[in-house]
Amino acid sequence: MRNTLFTVVILLVSMHMFGQGIEFQSYTFDDALAKAKKEDKLIFIDCYTQWCGPCKVLTKSIFPQKEVGDFFNKKFISLKMDMEAGEGINLAKKYTISAYPTLLFLDANGDVIRKEVGMKRADELIKNAKDAANPYNTQEALVKRYANGERDLEFLNLYVRSLLASGKKDKLDEVGKDFAEHISENELINPEVLFILFNTVALKYKSDLFYSILENKEKFLAHTSVKPKDYDQLIQQSMNYYLYDITQTGSLEELDEAILETHGVYIYDDQPMTEANMYDEWYIANKQYDKWFDRTAKFARDILAQDAIYGSRIANNILNKVTGKFAGEINEEVCNSAIKLAKEVHEVNPDNYVTYFYTTKLYVKIGDRENALANINTCIEKEFKAKKGKSKNKRISDLKEDVLAM
């Protein structure tokens with residue numbers, strides 16, 4: 001009798017927690033906009049993929065909770081959309097969604113109020129929704145608040161987040177430039193400053209503000225919410241934009257001098273790789289693709305010799321460029337050199353199906369059907385094993401069709 005009573009209690013608790021969660025609708029996006037306007041509601045979209053683990057946790061354990069549903073169902077028209085199928089493909093492009101889960105909060109015009117990425121607890125999700133539902137925080141309201149001269153750090157943080165979510169780069173540039181020019185010494189030592197400067201790319205190398213932030217590094221790091229990597233990323237970003245401009249307009253000698261100069265300003269962990277990338281950018285800008293490949297391939301081989309996994313990632317990044325971005329510029333000699341690099345990755349990291357994908361594309365480019373077919377079949381086999389049979393990559397299946405059509 002006691003066990004039976006315990007079971008009934010558990011069932012009742014479960015029904016209370018998971019019986020009345022978010023009511024997701026099956027509307028098209030346009031229909032959801034119309035419904036939101038008619039009912040004076042906002043739109044919430046759970047942007048997911050079939051292979052995303054955290055997406056499934058949200059669906060199973062968070063969205064069904066009663067307190068979540070109680071808030072969302074009053075305020076939002078809620079949709080679930082697979083970003084790799086149907087209407088979701090275009091929405092992913094429209095709202096620049098590339099990480100999952102992404103939780104979109106939109107107004108009835110389809111403008112982004114808030115965009116959150118990653119797993120959320122129920123209380124976090126409800127807080128995000130409450131912030132989005134606050135009429136004072138809509139993008140239209142934020143634009144008016146900014147135009148009326150509101151400039152406190154808390155507001156600017158919110159406004160920058162909104163502009164980031166909606167992809168309004170020109171406005172971000174404007175906000176960042178104004179912020180960098182007018183920030184006071186009293187406001188400087190604040191974690192919000194790092195966030196705003198980084199996300200508006202407003203900190204210019206060798207500016208007075210740049211040197212002020214350098215001089216106050218320890219004060220920034222004294223804030224518990226500021227991690228050393230956050231600080232490093234801001235300084236690194238500023239230096240990198242300076243160097244990148246030189247790769248596009250300067251000589252190789254000027255790039256050498258600029259890199260040497262930055263060594264006397266700030267040193268960070270990934271600096272050697274960043275500098276290698278800058279030389280790559282210079283060779284690419286000057287269309288010296290053979291020298292670019294030789295240089296980057298040597299770097300990848302050096303890393304492969306120390307760390308097969310990390311080296312494979314670097315090599316795959318190179319192969320991706322050879323078979324994608326620069327495919328129209330690469331000659332057969334570079335293709336064959338790239339195949340040689342891919343084979344070296346196969347030897348030290350034989351289960352990396354991504355490398356087999358790029359190797360296939362290289363063989364397709366030089367017209368070798370036999371090796372292309374062998375590599376795409378290996379790619380499919382290893383991808384199946386890596387994903388435990390739960391994922392089918394459309395890019396891989398499309399490439400198989402291209403190989404068969406050769």
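Within region 314-348, work out how many residues are surrounded by fewer than 16 Cβ atoms within 10 Å (Cβ to Cβ) and part of a helix (DSSP H, G or I).
Selection size over region 314-348: 9.
Determine whether Leu373 is in contact (Cβ under 8 Å) with a residue 40 or more places away in the chain, closer than 24 Å to Gly328 by Cα and of a type in the set (A, V, I, L, M, F, W, C).
So Leu373 does not fit the description; no.
Take the residues of region 274-301 that are free of Cβ contacts under 8 Å to residues at least 40 places away in the same chain and either surrounded by fewer than 14 Cβ atoms within 10 Å (Cβ to Cβ) or of a type in the set (S, T, N, Q) (or both): which is farthest from Gln236 (Cα to Cα)?
Gln288
Would it be correct to say that Lys127 is under 23 Å from Lys60 (Cβ atoms), in a loop (DSSP other than H, G, I, E, B) and out of contact with any Cys (no Cβ under 9 Å at 6 or more places or on another chain)?
On the way: under 23 Å from Lys60 (Cβ atoms): yes; in a loop (DSSP other than H, G, I, E, B): no; out of contact with any Cys (no Cβ under 9 Å at 6 or more places or on another chain): yes.
When the stated conditions are applied, Lys127 does not pass them.
Got a sec? Which of Lys392, Lys385 is modelled with pLDDT under 95 and not in a helix (DSSP H, G or I)?
Values: Lys385 fails: not in a helix (DSSP H, G or I).
The match here is Lys392.
Tyr100: modelled with pLDDT under 90, on the phi < 0 side of the Ramachandran plot and in contact with a helix residue (DSSP H, G or I) (Cβ under 9 Å, 6 or more places away or on another chain), yes or no?
Numbers: modelled with pLDDT under 90: no; on the phi < 0 side of the Ramachandran plot: yes; in contact with a helix residue (DSSP H, G or I) (Cβ under 9 Å, 6 or more places away or on another chain): yes.
No, not satisfied.
Show the residue pairs meeting these rules: Cβ distance below 8 Å; 6+ apart or different chains; first residue within region 209-220 and polar (S, T, N, Q); second residue modelled with pLDDT under 95.
Once the first residue is polar (S, T, N, Q) and sits in region 209-220, its partners that are modelled with pLDDT under 95 give Ser212/Glu185; Ser212/Leu188; Asn216/Leu188; Asn216/Ile189.
Does Val201 count as surrounded by fewer than 19 Cβ atoms within 10 Å (Cβ to Cβ), β-branched (Val, Ile, Thr) and in contact with a Gly (Cβ under 9 Å, 6 or more places away or on another chain)?
Yes, satisfied.
Hey, which of the helices (runs of 4 or more DSSP H) in region 140-223, taking only ones fully inside, have at least 1 residues that are closer than 26 Å to Leu104 by Cβ and either over 26 Å from the mean Cα position of the chain (by Cα) or at pLDDT 90 or above (or both)?
The helices (runs of 4 or more DSSP H) meeting that bar are 153-166, 169-182, 191-200.
Sort through Glu257, Glu344, Glu281 and tell me the only one that's farther than 30 Å from Leu214 by Cα and charged (D, E, K, R).
Glu344
Residue check: is Lys298 part of a helix (DSSP H, G or I) and charged (D, E, K, R)?
yes
Taking Ile196 and the conditions (1) buried (at least 21 other Cβ atoms within 10 Å of the Cβ); (2) among the aliphatic types (A, V, I, L, M); (3) over 18 Å from Ser225 (Cα atoms), which numbered condition does it fall short on, given that it satisfies the others?
Every condition holds for Ile196 apart from (3).
Only residues that are part of a helix (DSSP H, G or I), loosely packed, with under 14 Cβ neighbours inside 10 Å, over 28 Å from the mean Cα position of the chain (by Cα) and not acidic (Asp, Glu): list them for region 253-273, please.
Residues satisfying the conditions are Leu260, His263.
The values are calculated or read from the model by the stated rules, or taken from the named source; none is laboratory data. The shown structure was predicted, so the numbers you read here are calculated from the model rather than taken from an experiment. A quick note on method: Cβ atoms are made from the backbone with ideal geometry, for glycine too, and the neighbour counts reach across all protein chains shown.
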